[in-house]
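Report on the structure given below.
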């Protein structure tokens, strides 16, 4: 019950932020084109700060072992989701935006605050493992899916601010180095904007659409159902059947965090990437909003199933 109430409060806050973006567009304070500028800032400035800040935590051997478990589980989840989506694509005619929406979740904006509220701020560290792993996958596989271009440019990948932030954040953690207070405060404050900016972008895009088309988009319902229920159930089976629960004294809590991250609504980053590469950002926003609405029900159910089976 506590988890459900916290979810409703957190998701309610996200919808208020979406409403801010919606009204800003309707009141002609911003144009649709402005959301693309915000997307660029979010992807290349704000999100790297989120990654670096999440690793600014004291080092210990137990945390390192827990981080390893979280990373292995997160990699397993993404490989599973990509493989299943490949099979789904062969059976059903899903488009690139829908494929990316099935795989990548809003692990940062929703799950980091939720984990902090429910389990405590010290557990956010393990959530950062999922965010870091997803970051690598989304800038390699996810980006190529959305662009519909399968080429792999290693130089471009290594120079991506998000990949650099991931490597830097992990290096700082392992070497037990903390950022100077002035720089650390700036990074933390900038990273804290990721939720509001992402939701405002979604609100602007939704405001530019016909709302009737949003709620009559049957494909969005199907994608949301798969992302929020079918895919997370496979993660639960992976966690329970792989023996990972025996890898660490706090494995159950760590894997619960991985489950929450993998069962979250679709990643708002998909909308932002679609904008940058001139793809169907409207469809991405519809799926994003739809999945945010329904996760109020589905996420507590997935947690209950996990605790019952594992």
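The values are calculated or read from the model by the stated rules, or taken from the named source; none is laboratory data. These numbers come from a predicted model, not from an experiment. Cβ sites come from the backbone with ideal geometry, for glycine too, and all protein chains shown count toward neighbours.
Within the set 138, 97, 103, the sole residue that is at pLDDT 85 or above and farther than 14 Å from residue 264 by Cβ turns out to be 97.
Applying the condition of being assigned to a loop (DSSP other than H, G, I, E, B) and touching a helix residue (DSSP H, G or I) at 6+ places or on another chain (Cβ under 6 Å) to the range 165-220 and asking which residue is nearest to residue 107 (Cα to Cα) yields 193. Does the range 85-96 contain any residue that is in contact with a strand residue (DSSP E or B) (Cβ under 9 Å, 6 or more places away or on another chain) and within 22 Å of residue 232 (Cβ to Cβ)? No; the residues of the range 85-96 include none that is in contact with a strand residue (DSSP E or B) (Cβ under 9 Å, 6 or more places away or on another chain) and within 22 Å of residue 232 (Cβ to Cβ). Of the residues making up the range 21-46, those that are assigned to a helix (DSSP H, G or I), buried (at least 16 other Cβ atoms within 10 Å of the Cβ), modelled with pLDDT of 90 or more and in contact with a helix residue (DSSP H, G or I) (Cβ under 6 Å, 6 or more places away or on another chain) are 21, 22, 25. Among the residues of the range 52-61, are any surrounded by 16 or more Cβ atoms within 10 Å (Cβ to Cβ), modelled with pLDDT of 85 or more, in a helix (DSSP H, G or I) and on the phi < 0 side of the Ramachandran plot? Yes; the residues of the range 52-61 include at least one that is surrounded by 16 or more Cβ atoms within 10 Å (Cβ to Cβ), modelled with pLDDT of 85 or more, in a helix (DSSP H, G or I) and on the phi < 0 side of the Ramachandran plot. Every test in (1) free of Cβ contacts under 8 Å to residues at least 12 places away in the same chain; (2) in a helix (DSSP H, G or I); (3) farther than 20 Å from residue 288 by Cβ is passed by residue 230 save one, and that test is (3). Of 83, 70, all but one fail to be in a helix (DSSP H, G or I), at negative phi and buried (at least 18 other Cβ atoms within 10 Å of the Cβ); the exception is 70.
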